[in-house]
1. Rounded, prolate or oblate: which fits the stretch 92-145, taking a ≥ b ≥ c as square roots of the Cα gyration tensor eigenvalues, rounded meaning a/c under 1.5, else prolate when a/b beats b/c?
2. How large is ³J(HN,Hα), in whole Hz, for each residue of the stretch 155-160 in order, when computed from phi with the Karplus curve 6.51 cos²θ - 1.76 cosθ + 1.60 and θ = phi - 60°, using x for Gly and Pro?
3. Where does each of 16-24, 120-128 land if you order them by average Cβ count within 10 Å, highest first?
4. Determine the relative contact order of the stretch 105-179: mean sequence separation of Cα pairs under 8 Å and six or more apart, normalised by residue count, in whole percent.
5. Along the stretch 163-170, what does the Karplus equation 6.51 cos²θ - 1.76 cosθ + 1.60 (θ = phi - 60°) give for ³J(HN,Hα), rounded to whole Hz, x for Gly and Pro?
6. Ranking request for peptides 53-63, 97-107: highest mean number of other beta-carbon atoms within 10 Å first, then the rest in descending order.
7. Size of the stretch 26-81 along its principal axes in angstrom, Cα-based, largest extent first?
8. What do you get for Rg/Rh over the stretch 24-190 if you use C-alpha atoms and the Kirkwood form of Rh?
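What follows is calculated from the coordinates using simple rules that are stated; it is not laboratory data. The structure displayed is predicted, hence computed values, not measured ones. Neighbour counts are summed over all protein chains in view; Cβ atoms, including those assigned to glycine, are modelled from backbone coordinates with ideal geometry.
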Amino acid sequence: MTTAPPRPAASRPAGARSVALTWALWTAGFVAFPLAGLAGTAVVGRVDDPLAAVLGGAVAGLVIGAAQALVSRRRPPALRWTVATGAGMGLGLLIGAVAVGYRTGLGDLAVQGALTGVVLGPAQALALPGGTARRRRWLWAAAAPALWALGWTATTLGGIDVESQYTVFGAYGALTYSALSGLLLIAVRPRFPTDVTSPTLPRRSP
């Protein structure tokens with residue numbers, strides 16, 4: 001009896017497809033941001049005082065968090081991620097908006113976004129799946145300020161009427177943020193059972 005060499009695993013194409021699908025679905029979730037902005041505006045109107053900032057940010061964050069959990073196929077856990085995003089955005093927008101005096105210039109909104117990310121990033125990092133390494137959690141947290149600043153920058157440069165003092169950036173910024181954070185999500189996520197291919201057993205020949 002001889003043992004034939006194991007066949008090459010077919011996991012790489014399947015793994016690449018899984019990664020691409022994860023990124024595409026997460027990026028497609030950018031459509032939730034304008035909806036979240038509308039929801040926040042419906043509840044508080046303009047973000048021009050502390051109560052409007054914290055309440056509007058929390059409402060928008062809950063919508064965004066729930067949508068991200070949905071499109072990410074349970075990566076990360078839905079309830080934990082939704083609550084963390086709502087709480088992080090509420091407190092983060094409060095700090096950011098107050099710090100810039102509710103102004104809506106390009107630089108002001110970039111700072112507001114960065115400060116929002118300073119709070120939101122760690123909140124979401126703690127809500128990542130249990131198997132996520134600590135250093136990867138803090139990679140997510142460290143990237144959040146820049147990503148949120150970019151979101152507001154892209155929205156402002158895209159000609160959106162940011163003077164209306166929305167709770168979150170619009171479609172241009174949302175697409176920028178979602179595409180980049182989707183790559184980050186792939187980098188920080190732990191390996192899931194669906195990402196691991198079953199080993200191929202060696203064949204025996206007479």
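1. The shape class here is prolate.
2. With the stated coefficients, the stretch 155-160 comes to 5, 5, 5, x, x, 5 Hz.
3. Averaged packing, sorted descending, gives the order 120-128, 16-24.
4. Normalised by residue count, the contact order of the stretch 105-179 is 35 percent.
5. Result, rounded to whole Hz: 4, 6, 6, 6, 7, 8, 5, x.
6. The peptides rank, most packed first, as 53-63, 97-107.
7. Principal axes ranked by extent give 36, 21, 12 Å for the Cα atoms.
8. Numbers: Rg = 14.2 Å, Rh = 15.1 Å.
Result for the stretch 24-190 is an Rg/Rh of 0.94.
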